[in-house]
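Every read-out reported here was derived from the displayed coordinates using simple, explicitly stated rules and does not represent laboratory data. Nothing here was measured: the structure is a model prediction, and the numbers come from that model. With ideal geometry, Cβ positions are generated from the backbone for all residues, glycine too; neighbour counts draw on all protein chains shown.
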Amino acid sequence: MIICAGNNENFDFATPTGVGLIETAMNLTRLCLFDKPEFLLFVGTAGSYGEAKIFDIIESKTASNIELAFLNNDAYTPLDNVVTTNTTNKKDIIINSSNYISTNNLLAKNFLKYEIGCENMEFFAVLKIAQEFNIPAGGVFCITNYTDKTAHEEFVKNHEKAKELLSAHVKKRIKQLTINREVL
């Protein structure tokens, strides 16, 4: 099953699950309870913490849920804040998820120290639900912006092209997978 956030981030080949961690968790749980998929592929856009460039395509099976306060030792959590469905030795770019978009590029660059490369609001919830239901899962993202003061303006400016690039990439990968019978 291919899923996406929805609202203004829809794809003709994907089922929308909601924006942010909570909507995604609720709606994806409902989908999995009624018709458990064999595989979950999340498709969406992401903001870069600095290494990934605008319009880069990132594939990952690892997500974190780390808030900016954690980076300054101003907060802690007793919860597991990294989840992966990666069963290979291939190193993933970790996608951080929060219900907030980072706009402080100096602070956000600290995510790179933890090998966290970009942020997407939904991916952590997708992988947690996949883990709970024992469903293999991954994500494909297109970078729309850097995590700085102009994050929203860049996102708006680059969003349509990013969706086009994602659509082309996913459709190409589906064709390859069909031929090779692989899983992303």
Checklist entry - Of the trypsin sites (Lys or Arg not before Pro) in the range 24-69, which ones lie in a loop per DSSP and count no more than 13 other C-beta atoms within 10 Å? => result LYS53
Next on the checklist: Rounded to the nearest 20 debye, what is the charge dipole size of the range 3-131 about its Cα centre when +1 sits on each Lys and Arg Cβ and -1 on each Asp and Glu Cβ?
Outcome noted: 220
Checklist outcome for this item: Taking 0.36 nm per residue of separation between ASN134 and ILE2 and subtracting their Cα-Cα distance, the length gained on full extension comes to 45.9 nm
Checklist entry - Given labels modelled 7 Å from the Cα in the Cβ direction, how far is it in nm from LYS91 to ASN10? => result 4.0
Checklist entry - How far apart, in nm, are the 7 Å Cα→Cβ label points at ARG173 and THR84? => result 1.7
Item to check | Residue exposure sequence - PHE42, PHE55 - by fewest surrounding Cβ within 10 Å | outcome: PHE55, PHE42
Checklist entry - In the neighborhood of LEU71, defined by Cβ-to-Cβ distances under 11 Å, what is the net charge if each Lys or Arg adds +1 and each Asp or Glu adds -1? => result 0
Checklist entry - Which one of ALA125, ALA25, ALA75 has the biggest mean-square fluctuation once the chain is modelled by GNM with Cα springs under 10 Å? => result ALA75
Checklist outcome for this item: So the FRET efficiency between GLU38 and ILE101, C-beta based with R0 = 45 Å and rounded to 0.05, is 0.90
Next on the checklist: Output needed for the chain: three equivalent-ellipsoid semi-axes, defined as square roots of 5 times the C-alpha gyration tensor eigenvalues, in descending order, whole Å.
Outcome noted: 24, 19, 16
Next on the checklist: Helix-only estimate, please: 222 nm mean residue ellipticity of the chain, summing -39500 (n - 2.57) across DSSP H runs of length 4 or more and dividing by its residues, to the nearest 500.
Outcome noted: -11000 deg cm²/dmol
Item to check | Between the range 38-52 and the range 73-94, the Cα center-to-center distance that results, in Å | outcome: 15
Next on the checklist: With both bridge residues required to lie in the chain, what share of the DSSP beta bridges run antiparallel, to the nearest 5%?
Outcome noted: 35
